[in-house]
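The values are calculated or read from the model by the stated rules, or taken from the named source; none is laboratory data. Everything numeric in this text was worked out from a predicted model, so none of it was measured. Backbone-built Cβ (ideal geometry, glycine too); neighbour counts: all protein chains shown. These accessible areas exclude ligands, DNA and RNA; they are computed on the full protein's heavy atoms, side chains included. Shrake-Rupley method; radii C 1.70, N 1.55, O 1.52, S 1.80 Å.
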2 protein chains.
Amino acid sequence: MPTIVVEVMPKPEILDPQGKAIANALPHLGFTSFAGVRQGKRFELTVEGEVTDEVLESARTAAAEMLSNPVIEDVVSVSVKEDI
Amino acid sequence: MPTIVVEVMPKPEILDPQGKAIANALPHLGFTSFAGVRQGKRFELTVEGEVTDEVLESARTAAAEMLSNPVIEDVVSVSVKEDI
């Protein structure tokens, strides 16, 4: 069944304590190449039947209104993944 | 600065209560096209300097050992996003 992938990240101006904690821990574990880490969310919406424009539009609306908090998060991507 | 995006999802055989809750709520809000929802994580690792093969390998290791729990999660993608 086809899947729509929705990706949500905290807005750049919003503090991200989880990302910060990971960024602080990385050098202690030998990972020294990374200047910063931000943690967001990834949703997979399984679609019944075909991904029509209407379904994709519905996913965009759900992403904006339900899967993300527009005050603190941005929807960075809504894309279709043809699945097995 | 370039960014490495790491995507992590719960393994298919693992229950995902957050995804389930979203899937149950969607129809009540008028979103009826989706048969299921899974919720995972998306990390953005900011790279100091260039993304060499070594840095990408280091990101893959961090994704497998630190950003995901291999017992219950799969790393579904480690990719480079050339950023502004």
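Structural remarks
- Checking each residue in segment A:1-14 for being over 30 Å from A:GLU82 (Cα atoms) and open to solvent by 70 Å² or more (accessible area, probe 1.4 Å) picks out A:PRO12, A:GLU13.
- Restricting attention to segment B:39-57, the residues being open to solvent by 60 Å² or more (accessible area, probe 1.4 Å), within 7 Å of chain A (Cβ to nearest Cβ) and modelled with pLDDT of 95 or more number 1.
- Of the strands (runs of 3 or more DSSP E) entirely within chain B, those holding at least 1 residues that are touching a Phe, Trp or Tyr at 6+ places or on another chain (Cβ under 9 Å) and not charged (D, E, K, R) occupy B:3-10, B:34-47.
- A single member of B:PRO27, B:PRO17, B:PRO70 is without any contact (Cβ under 8 Å) to a residue 40 or more places away in the chain, open to solvent by 40 Å² or more (accessible area, probe 1.4 Å), more than 19 Å from the chain's Cα centre (by Cα) and more than 10 Å from every other protein chain (Cβ to nearest Cβ), and it is B:PRO27.
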